[in-house]
Each structure stands twice: as C-alpha cells, then as structure tokens.
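Q: Dropping a structure here in structure tokens format, bear with me for questions.
Quick note: the coordinates plus some simple rules give every number you see, no bench work behind them. These figures come from a predicted structure and were not determined experimentally. Here Cβ is always computed from backbone atoms with ideal geometry, including for glycine, and neighbour counts include all displayed protein chains.
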Amino acid sequence: MTGETNPFESLQEQLDDAAAYIDLDDGLLRRLKNPERILETNLTVRMDDGRLETFRAYRSQFNGDRGPYKGGIRYHPDVNRAEVKALSGWMVYKTATVDIPYGGGKGGIVVDPSELSATELERLTRAFTKELRPFVGADKDIPAPDVNTGQREMNWIKNTYETLENTTEPGVVTGKSLDSGGSEGRVEATGRSTMLTAREAFDYLDRDIGDATVAVQGYGNAGAIAARMLAEETGATVVAVSDSSGAIHDPDGFDPADVREHKRDTGSVVGYEGTEELTNEELLTLDVDLLVPAALQNAIDADLAESVQADMIVEAANGPLTPDADDVLTERDVAVLPDILANAGGVTVSYFEWVQNRQRFGWTEARVNDELERVITDAFDGLTEAYETYDVPNFRTAAYIVALKRVIAAHAESGTWP
Ligand code: NAD
C-alpha cells in the first residue's frame, strides 16, 4: 500500500474530472465535494480486565439529496477523518451510479479488532451506537458492514438502537444476519456485483471472460466471493489470490472455494497445495487478463501502475488506485471498472434488505439475485452510454458523470433552503 495518498483528495479529483464534462455551477460543485457533517467522538469502553480504554470514532454524512445517508462502519487501526470523509463521498456517487434512493455516509472506529475480545467488541459497538443514536434511523442514516465488521456487529447495532428507542426498527442498519432481519444474498452481494461488472465489461470489449485468467488481491468477503463467482459463473480461471500474509500463484488455476477453506483452517491463503508463494506486489503485476483489487484503498500507486500487466481492473475494494495510478492506467489503455459500480452490490442488496424490513416481507434469494443483476447491468449500460456520449478517457469518469447528474438533478428539484 502506498499509504501517503489522501483518499479525500482522490475523491475530489475524481469529481473534478467528471465535472469538467458537465455544466455545473462552482458553488454547487464545492458542496458536492464536501461532507454535510461529521461526528467525531471518543468512546469509553470497559475492558475485560476492568481498565477503561478510549477509542476515536467517526461518522461522516456526506450528502442526503437523494435519500437517507447510507454506508458502512469500519474497524481498523488506520481509520482517520480523511478516509471516512472519502468513503462517505464514494457512497453518494455509488448509490447514484446504481440509482438506488440513498445519499452517502460512512463511519469507523480506530481499533485493531483482533486485539479485543468478543465481549469488548460488543461493548465498543454498543458505545458507538449510543453516540450514533440521534443521527441514525431507517429514514436518516443507515449503517452497514465494512472492513472488519459483519453481521454480528450489525445485530448489536440494531439491538442497541431498538433498546434505546423502545421500538422494533430492523431497517436502522443493514447487513444483519437472517434471523435478525437480514436479506438472502447480502453476504455474496459485493462479490456478485464484481463478477457481473467483469462479465459485462468483457462482453462490451468483445472478449470472452471464459478464457480469462484472474488475480485477486484480498481474500475477505469481497475478494473471496468475487473469485469464487468468477470461476463458477463465468468460467474464468483464478490463478492468483492474496491476503495480508502474502500471495499464492498457480498458472493452471485453482478452486477459489477450496482456497477459502484452506484460509479458514490455517488463517491464510499462503501454503495452499500446488501453489508458489508471491509477494502482494508480484500479484498486482502478474500477466493476467483481469486483476481484482479487493483489499484496502491505495493498493496501486503510479509506479506500480507502470508495471501492471493486466488488461482490465475491476475494483472490488473502495479506492484501490491512487489518482496518479488511474492516469497511468488510462494512458496505458488498461480498462478500469470503477468501485462505485463494481462493488455496489453490497449497498444494493442492503437497499433490498431495508425494503424487506420496511415491508416486513422477505424475498427469496433468487429474487434478490435477479434484482441485483438488473440493477448492475442497467448501471453498466448507463455508464457505457455516458462513456460514448461524452467521449471520456475512462470508465470512472463516465460513472461519475452519471452519478453527478443524478445528484445535481435531485438537488435542483429540492431547491435551496434557507
Ligand atoms: P474483509 O476484512 O472481509 O477482507 C479484507 C481482505 O484484505 C482480507 O483477506 C485481508 O487479509 C486482506 N488484506 C488486507 N491488507 C492486505 C494487503 N496489504 N495485501 C493483500 N491483502 C490484504 O473486508 P471486505 O469486506 O472484503 O472489504 C474489502 C474491500 O472491499 C474494502 O475496500 C471495502 O471497503 C470494500 N467493500 C466491501 C463491501 C462488502 O460488502 N464487504 C462492499 C463494498 C466495498
């Protein structure tokens, strides 16, 4: 990871790039580049040994012109204000790219969750929810999982909110387990939209995805499921994957589901039978047809981008390329399918979960997957239409044009108040 690139500046550059193609007032652009509000708080939690510990936490509500703020909560030692702001902005333009009726938000706690017990994590999550309570709600701001949070944390958030509000309101948070009001298909949704985006992009570029070789960086929820679906549903050959302990490679390919079992048993993808070990940098520069970055942001900087040999990058992670890397890859004619489309499956099925919670009526997994496929393929068509109409240099700018136009339209229709 390059680490030095400020993700908030990356977001602002991406918006400037797209704004150059549309007629947009400077004052409005400034509003669309900055969050509406940010909660910064210090959570005091009693640890198992009786000590009190303090954790810095954030929630950024970036823009609510198209609906309630929506976005995940991340637990990671590197969480910071700039990152949370950027991630919340990307949510605005992601929900607009796939045209679901939400704004964008994001939250995070500065913590290494592997150093806390389950009971400490529960108290930490409940302490954050107590702070968030005035700001969140099914019609205000709806958190979801992100890095190092999942169904367990979402169930705790729901329970804390409902207890404090003395009500039942499962739609206050998405990504819950099925028994707590979650949706079928939510766990697989981000990997599924990554696969669908790759499938559509290969088709658009007149290439056969069934012949493609794939490398995936990051083997968590997004990466491992994208790898499995690419192999199972498109026939692509996954030849390399990585996690924070290193990368594995077999030019003949392997079964991604089996690698996941190996990671479950041993804690890492490294050491999987029949593979050679690579560094993460070697994985990112492998000669493959498709590269899927699915770890954290800024994984590829301009220097590394010069060495990328893949023909296509589908971003499962949020912000995995620095803006300079993006420029290099555009120059080198590498097709980059942006995060705000490729990983939008997570928030789309979160939206379906919220709809089901409000209807108090559950959908089948087949219905969820069909609706998700419709949303992603429609969004892909909108993106390629903008790509051709505006004659932009890359797919990311096309996606931001589509998204900005939708947010601007909602803003214009609402008027300015006061
Ligand atoms: P996760 O915690 O389940 O998995 C992250 C994976 O990345 C782990 O396998 C970890 O070992 C690996 N990793 C960490 N640092 C690495 C490094 N330096 N090199 C290689 N691998 C590394 O998280 P996730 O939910 O899969 O999220 C991954 C990315 O996808 C994030 O950018 C997240 O914002 C984005 N995303 C996730 C979802 C979702 O629904 N899970 C939705 C949209 C976007």
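Q: Return only the number of the condition from (1) surrounded by fewer than 24 Cβ atoms within 10 Å (Cβ to Cβ); (2) of a type in the set (S, T, N, Q); (3) within 11 Å of the ligand (Cβ to nearest atom) that S242 does not satisfy.
A: Condition not satisfied by S242: (1).
Q: Still on this model: Determine which single condition S193 fails, assuming it passes every other condition in (1) crowded, with 23+ Cβ neighbours inside 10 Å; (2) more than 9 Å from the ligand (Cβ to nearest atom).
A: Against the list (1) crowded, with 23+ Cβ neighbours inside 10 Å; (2) more than 9 Å from the ligand (Cβ to nearest atom), S193 comes up short only on (2).
Q: Does G185 fit the bill of being out of contact with any His (no Cβ under 9 Å at 6 or more places or on another chain), small (G, A, S) and surrounded by 24 or more Cβ atoms within 10 Å (Cβ to Cβ)?
A: On the way: out of contact with any His (no Cβ under 9 Å at 6 or more places or on another chain): yes; small (G, A, S): yes; surrounded by 24 or more Cβ atoms within 10 Å (Cβ to Cβ): no.
When the stated conditions are applied, G185 does not pass them.
Q: Within the group E120, E115, which residue is closer than 17 Å to T160 by Cβ and not polar (S, T, N, Q)?
A: Working: E115 fails: closer than 17 Å to T160 by Cβ.
Result: E120 is the single residue among E120, E115 that is closer than 17 Å to T160 by Cβ and not polar (S, T, N, Q).
Q: Another one. For segment 106-118, indicate whether the set of residues that are part of a strand (DSSP E or B), among the aliphatic types (A, V, I, L, M) and crowded, with 24+ Cβ neighbours inside 10 Å is non-empty. Please lay out each step first, then the result.
A: Let us first name the residues in segment 106-118 that are part of a strand (DSSP E or B), namely 106-110.
Those still in the list that are among the aliphatic types (A, V, I, L, M) too: 109-110.
Those still in the list that are crowded, with 24+ Cβ neighbours inside 10 Å too: 109.
Yes, there is a match, as at least one residue in segment 106-118 is part of a strand (DSSP E or B), among the aliphatic types (A, V, I, L, M) and crowded, with 24+ Cβ neighbours inside 10 Å.
Q: Suppose we filter segment 263-288 for residues that are within 14 Å of the ligand (Cβ to nearest atom) and touching a strand residue (DSSP E or B) at 6+ places or on another chain (Cβ under 8 Å); how many remain?
A: Taking segment 263-288 and keeping what is within 14 Å of the ligand (Cβ to nearest atom), we get 263-264, 266-270, 272, 277-286.
Narrowing the set further to residues that are touching a strand residue (DSSP E or B) at 6+ places or on another chain (Cβ under 8 Å) leaves 263, 268-270, 272, 277-280, 282-284, 286.
Matching residues across segment 263-288 total 13.
Q: Related question: So which pairs qualify, if the first residue must be in segment 136-158 and over 11 Å from G182 (Cα atoms) and part of a loop (DSSP other than H, G, I, E, B), the second must be within 13 Å of the ligand (Cβ to nearest atom) and of a type in the set (S, T, Y), the Cβ gap must be under 7 Å, and the two must be at least 6 apart or on different chains?
A: N148/Y75; T149/Y75
Q: Against the conditions (1) of a type in the set (S, T, N, Q); (2) within 11 Å of the ligand (Cβ to nearest atom); (3) surrounded by fewer than 24 Cβ atoms within 10 Å (Cβ to Cβ), where does Q217 fall short? Just the number, please.
A: Here Q217 clears every test but (3).
Q: Is there a residue being within 13 Å of the ligand (Cβ to nearest atom) and over 15 Å from P143 (Cα atoms) anywhere in segment 54-74? So that I can check it myself, show each step before the final result.
A: First pass over segment 54-74, keeping only residues within 13 Å of the ligand (Cβ to nearest atom): 70-74.
Restricting the remaining residues to those that are over 15 Å from P143 (Cα atoms) gives none.
No: segment 54-74 contains no residue that is within 13 Å of the ligand (Cβ to nearest atom) and over 15 Å from P143 (Cα atoms).
Q: Here's another thing I want to ask about it. Scan D301, D311 and give me the residue that is in contact (Cβ under 8 Å) with a residue 12 or more places away in the chain and away from the ligand (no atom under 16 Å from the Cβ).
A: Working: D301 fails: away from the ligand (no atom under 16 Å from the Cβ).
Checking each option against the conditions leaves just D311.
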